[in-house]
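Some notes on the structure that comes next.
Derivation of every value follows stated rules applied to the coordinates shown; laboratory data play no part. Everything quoted here is computed from the prediction, not taken from an experiment. Because the Cβ atoms are built from the backbone with ideal geometry, glycine has one as well, and the counts that use them run over all protein chains shown.
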Amino acid sequence: MTDTIAQDVLQSLAEENGTPCYVYFIDVVMRQAELLREAFGRRFKISYAVKANPNSALIQRLRNTVDALDVSSTGELRRALGAGWAPDRISFTGPGKQASELIEAVGAGIGSIVIESMAEARALDGVAAQAGTKQPIMVRIAPAAVPRGFGVRMAGRPSQFGIDEEQIDEAVDKIRSLEHLDLRGLHIFSGTQCLNEQSIAENLEIFIGLFQRISNDHDLSPQKLVFGSGFGIPYYEADRSLGLRAIAGRIVPQLDRLKSQTRFGQTALVLELGRFLVGPAGVYLTRVINMKRSRGVNIGVCDGGMNHHLAACGHLGSVIHRNFQMFKVTPSVRDAETAPYDLVGPLCTSIDTLARNVAMPGLEVGDVIAIRSSGAYGLTASPIHFISHNPPKEYLVSLHDGQSRVEDISEY
């Protein structure tokens, strides 16, 4: 898909259906999945983390694109089942699973529940006993170290995620003694949003070392090893796309050595990720509804902002606000002068700011702005009910032979 085709689709959609809205290009999602498979020589199965974007229509489309889903609540589990996913292709991760959620997940026949603490293991054992079943599980490990370069670190410090590496041996022994749990694999997800290939490779090496050491020490032949990728996507102007082949060049030989060992010969290696798959596929469209000049600054007031796209306003894991990559969809007047603008949303708060000092050609009332890399952690990660504006529409676009097909997949 070229930028020209995408811009034509976005312009038509904004004119015909209005703004604000999210637009997801499903072809980009499929391309991202194929890039992963090709880079690693299809050594990894791919699991999609539903929390990145839980839209039901998108989840349904992913049934033939990825191998598995990971959910973090029974709300996401219900969406997955409603979208036609078989329960045995679903895992359930998260540090705060409630008793009612464990009961529902076991009752649904979910493929595996990822244990993040001994207390959770004991609770799940009781639920499985009451259900008269032996529940397949994986154990999540929190490594003692996480390389630099990850946007959010979920290990290497006190963390609610997983069982600390320092405690894992005792925990594995205790978990294996629980009669109604069936330990089938190990899981690590220790960092997110990394664009440094060497840091990611080093992190995956840590995973391989831990998986191998724990399996050997406890005589495990795991059915599944889950590698939480942490693969980042370019959000800001200075960002570049991740070099998958550089990571694969360092990691593939180690994966092959791992698989050559008898106990790992039948083990499925799973790459779990969400942002990398759907983030680049999404665009947020918002329209300039007012222009003003305040103390020497040009300000464009838009019909959507922080209430729809918290991350673009710099309030989702960012310390310093940086402008997302964005562009004007509306054609510019010939020879329009490029000037700096602050772009703000419609909310009654000064933190509702989409961009500061962003260069745009001749911005006017009615112009439509597209914010890139908006397919993950967008609408459902934002305070959509703040000040009670209408939620944005969501559209799914597929391209075939130069023609686009647009579906309204709005859920709110």
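Here are a few things to note about the model shown:
- When the range 30-186 is reduced to its Cα atoms, the Kirkwood hydrodynamic radius in Å: 16.6
- Pairs from 134/224; 224/393; 97/134; 51/393 whose Cα-Cα separation, in the structure shown, is over 29 Å: 224/393
- Evaluated over the range 84-123, the Cα radius of gyration and Dmax, each in Å: 10.0, 32
- Listed by chain and number, the aspartates and glutamates whose alpha-carbon sits under 17 Å from that of residue 45, ignoring those within fewer than 8 places in the same chain, are 34, 67, 70, 88, 256, 272.
- Within the range 280-408, antiparallel bridges make up roughly 90 percent of the DSSP beta bridges whose residues both belong there.
- Annotation: the antiparallel percentage among DSSP beta bridges lying fully within the range 93-273 is about 10.
- Cβ-to-Cβ counts within 10 Å put 263, 79 in ascending order as 263, 79, the fewest first.
- Percent of beta bridges antiparallel (DSSP, the chain, rounded to nearest 5): 45
- Straight Cα distances below 19 angstrom link residue 174 to the aspartates and glutamates 116, 120, 125, 164, 165, 166, 182, 217, 219, with same-chain residues fewer than 8 positions distant left out.
- Long-range HN-HN contacts of residue 142 with modeled amide H, under 5 Å: 163, 164, 165
- Between 351, 168, 141, the residue with the greatest mean-square fluctuation in the GNM of the chain (Cα pairs under 10 Å linked by springs) is 351.
- The packing ranking, built from the mean of other Cβ atoms within 10 Å per residue, places the peptides 217-225, 115-123 in the order 115-123, 217-225, highest first.
- Candidates 383, 143, 54, ranked by Gaussian network fluctuation over the chain, Cα under 10 Å, top entry: 383
- Listed by chain and number, the lysines whose C-alpha is less than 23 Å from the C-alpha of residue 292, apart from same-chain residues fewer than 8 away, are 328.
- Cα-based helix-to-principal-axis angle, 197-217 vs the chain, degrees rounded to 10: 20
- For the range 286-359 versus the range 137-157, the spacing of their alpha-carbon centroids is 35 Å.
- Protection-proxy order for peptides 329-338, 96-105, each taking the mean of Cβ atoms within 10 Å per residue, highest first: 96-105, 329-338
- Overall size of the range 280-408 from C-alpha positions, given as principal axis extents largest first: 47, 38, 26 Å.
- Vicinal HN-Hα couplings computed from phi for the range 169-185 (Karplus, 6.51 cos²θ - 1.76 cosθ + 1.60; Hz; Gly/Pro x): 5, 4, 5, 4, 4, 5, 5, 5, 7, 7, 5, 9, 10, 10, 6, 10, x
- Mean Cβ count within 10 Å, highest first, over the residues of peptides 309-316, 42-49: 309-316, 42-49
- Top of 249, 232, 274 by mean-square fluctuation, Gaussian network on the chain, Cα under 10 Å: 249
- Expressed as a whole percent, the proportion of Cα-Cα pairs in the chain lying more than 39 Å apart is 23%.
- Computed over the range 93-273, the percent of Cα pairs more than 26 Å apart is 33.
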